[in-house]
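Comments concern the structure below.
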Amino acid sequence: MIIGVLDVSIMIPDSHSLKEKRRVIRSLKDRIKKRFNVSLAETEGQNTWQRCELTVVMVACQKTAIERELNRIVDLIGATPEAALTEHWIEYY
């Protein structure tokens, strides 16, 4: 069994309040959860207006399956017009 952990740093440049930021992040989290079978949480930047870090965790039998799905999540986040992906990293356990 392999555990894949994806950490993603996101900027929301058009956000001028926590309410606006949370709307964007909630929508993004809902799309990820609906499309992929992963666990997901906002792990940093909860009280900042324009910055957020999401952590996504996935478990599978093969590393290639995890890598493929986590990269698809990165692509989905990168294609979100309201959010700018600043950096991401993947770790395996």
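So if I take the centroid of the Cα atoms in the range 14-30 and the same for the range 39-76, what is the distance between those two points in Å? Distance between centres, Cα-based: 16 Å. To the nearest ten degrees, helix 18-35 and the longest principal axis of the Cα atoms of the chain are 20 degrees apart. Taking one quarter of the surface of the convex hull spanned by the alpha-carbon atoms of the range 9-49 gives a direction-averaged projected area of 2.9 nm².
Under a no-solvent Debye model with one identical scatterer per Cα of the chain, what's log10 I(q)/I(0) at q = 0.13, 0.16 Å⁻¹? For the chain at q = 0.13, 0.16 Å⁻¹, log10 I(q)/I(0) is -0.40, -0.60. Taking the Cβ of Thr43 as the centre, find all other residues whose Cβ is under 10 Å away and add up their charges (Lys, Arg: +1; Asp, Glu: -1). That works out to -4.
Protein heavy-atom accessible surface, 1.4 Å probe, per residue over the chain: 60 Å².
About its Cα centre, what dipole magnitude does the chain give when the only charges are +1 on Lys and Arg Cβ and -1 on Asp and Glu Cβ, stated in debye to the nearest 20?
In total the dipole reaches around 440 debye.
When the Cα positions of Ile10, Leu40, Ala84 are compared along the charge dipole of the chain, Leu40 comes out farthest toward the positive end, with charges on each C-beta of Lys, Arg, Asp and Glu. Rounded to the nearest 10 degrees, the inclination of helix 63-78 to the longest alpha-carbon principal axis of the chain is 20 degrees. Of the solvent-accessible surface of the chain, computed with a 1.4 Å probe and all protein chains present, 51% belongs to carbon and sulfur. Ratio to report: Rg/Rh of the range 40-93, with Cα atoms as the point set and Rh obtained by the Kirkwood method; give two decimals. Rounded to two decimals, Rg/Rh equals 1.00.
Here the Gaussian network model covers the chain, with springs between Cα atoms less than 10 Å apart; of Ser15, Ser27, Ser39, Ser27 fluctuates the most.
The values are calculated or read from the model by the stated rules, or taken from the named source; none is laboratory data. Just so it is clear, the structure is predicted and the values come from calculations on it, not from any experiment. Counting neighbours? That spans all protein chains shown, and the Cβs are built from the backbone with ideal geometry, glycine included. Protein only, heavy atoms only, side chains kept; ligands, DNA and RNA dropped before computing areas. Shrake-Rupley method; radii C 1.70, N 1.55, O 1.52, S 1.80 Å.
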